[in-house]
1. When only residues in the range B:14-54 that are of a type in the set (Gly, Ala, Ser) and without any contact (Cβ under 8 Å) to a residue 24 or more places away in the chain count, which is nearest to A:Ala152 (Cα to Cα)?
2. Mind telling me which of the residues B:Gly57, B:Gly34 ends up being loosely packed, with under 13 Cβ neighbours inside 10 Å and over 26 Å from A:Leu56 (Cα atoms)?
3. Which of (1) closer than 18 Å to A:Ala91 by Cα; (2) in a loop (DSSP other than H, G, I, E, B) is the odd one out, the single condition A:Thr148 does not satisfy?
4. Give just the number: which of (1) touching a residue at least 40 places away in the same chain (Cβ under 8 Å); (2) exposed (fewer than 14 other Cβ atoms within 10 Å of the Cβ); (3) among the hydrophobic types (A, V, I, L, M, F, W, C) does A:Ala152 not satisfy?
5. Looking at the range B:56-96, what strands (runs of 3 or more DSSP E) fall wholly within it and have at least 3 residues that are within 12 Å of another protein chain (Cβ to nearest Cβ) and in contact (Cβ under 8 Å) with a residue 60 or more places away in the chain?
6. Of everything in the range A:1-60, what is aliphatic (A, V, I, L, M) and without any contact (Cβ under 8 Å) to a residue 12 or more places away in the chain? Give them in sequence order.
7. Within the range A:136-149, track down each residue that is surrounded by 16 or more Cβ atoms within 10 Å (Cβ to Cβ) and closer than 22 Å to B:Val10 by Cα.
8. For the range A:160-184, enumerate the residues that are touching a residue at least 12 places away in the same chain (Cβ under 8 Å) and small (Gly, Ala, Ser).
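Any read-out appearing in this document is the output of simple, stated calculations on the displayed coordinates, not a laboratory observation. As the structure is a computational prediction, the values presented were derived from the model and not from experiment. For neighbour counting, all protein chains shown are included, and Cβ atoms are generated from backbone atoms with ideal geometry for every residue, glycine included.
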Amino acid sequence: MASLKMLRMRINSVKSTRKITQAMKMVAAAKLRRAQSQAEAARPYAERMERMLASLGAAVASSPDAPPLLVGTGRDQVHLLVVMTADRGLAGAFNSGVGRFARARVRALEAEGKTVKILSIGRKGAVYLKREFASRFVGEVSFQGKKTVEFADAAEVVAKISAMLEAGEFDVCTLIYNRFKSVISQIPSEQRLIPAPLPEVQEEAKAGPQAVYEYEPSEEEILAALLPQNLGVQVYRAILENSAGFYGAQMNAMDNATRNAGEMINKLTLNYNRTRQANITKELIEIISGAEAV
Amino acid sequence: MAGTFQLELVSPARLLLSRPVEMAVIPAAEGEMGVLPGHAPMIVALRGGVISVTEGGQVTEHLFVNGGFAEITPERVTVLADDATPVANLSKAAAATALAQAEAGMVDLQSSTPEKRDQAMVALLSAQAMVATAEAP
């Protein structure tokens, strides 16, 4: 049995761990609130952008010289996966969930004979996927050290993606990120960026009476400016959801850790008290049997 | 005045304005545009400039936008601005910085593509408009 001193040391060490996890939980909770409100503030823009693009895109998508950002290259050979994770760990299964999802996608695509390229956003995912797919990496972006992610950061990512598209380096672009369902549940999910998914069927029915827009300048020029912006919005939204999800997951993980530490402390304290009592009893027996022998 | 329409001004970071107004003047790419209720449906690109909002027969708000889009329907105008600031909050220093950046972007354009040149030009014009707006009393 461990000595009393050892037990005391262990209890102390678990106690300080609990303090740290508790503090991390508080910090994550505060940051979660900020990330959530930022994600909510970005929603109206994304919604309106979608509405505008739906009315515009439906008109242009069918023409043969539609921009590649909208309809892709027409092939389906090279896939670019944009994998979005957090820059830090200690958030439960947050990063590995996306990692696993991305790995399954890469395997499935390669089994179909497609070429896969990976652009990772966030440090943790890069580390995770590099172990297996280092040869498929085409780029890494990390927002480490930034307090809040601005729209300009998303625009940077988009500039990279569209430069690759222009160079013909991929045909289909898919975004993999953690969708923020609630504080306790984030779902790794994928979203196709290029070709842009157009909600055509519903839109045709709805847009009937007000479909005739005038454009100034021309339709093509507006679309050429609108599409990169739309891509930026999609990426920006995913980044925000991702960071909100990260803090949610971290808060949860730290809450669990704090609770486990508490349980551990209780167990160790019980053990400590038992050992102490056993020692006292042993000493008493020694004293009594010594006195009897006299 | 005849009726009102819903004006919405959103930037990627937040919803700046959403309320019924009587008239809005929008800096469209090919000239300023006054929009009244019942305007024909349009989608226009914006250049850097000031959106003026009229309510109750008076101009109540000036907002500077540095580019974006506007969707106009008879009962609603949605402005998707890249970035928007109320003119009162616009600082000369920030405008000067933006202008300096845009001018720096113009330097090595001889070798680049026409699209890049266009983009830089648009950025420069927007920055110039920002400076002019900030310096106006």
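1. B:Ala29
2. Going through B:Gly57, B:Gly34 in turn, just one is loosely packed, with under 13 Cβ neighbours inside 10 Å and over 26 Å from A:Leu56 (Cα atoms): B:Gly57.
3. (1)
4. (1)
5. Values: elements: B:58-73, B:76-81, B:84-86.
So the answer is B:76-81.
6. Within the range A:1-60, A:Met6, A:Met9, A:Ile20, A:Ala23, A:Met26, A:Val27, A:Ala30, A:Ala41 qualify.
7. A:Val149
8. Result: A:Ser162, A:Gly168, A:Ser182.
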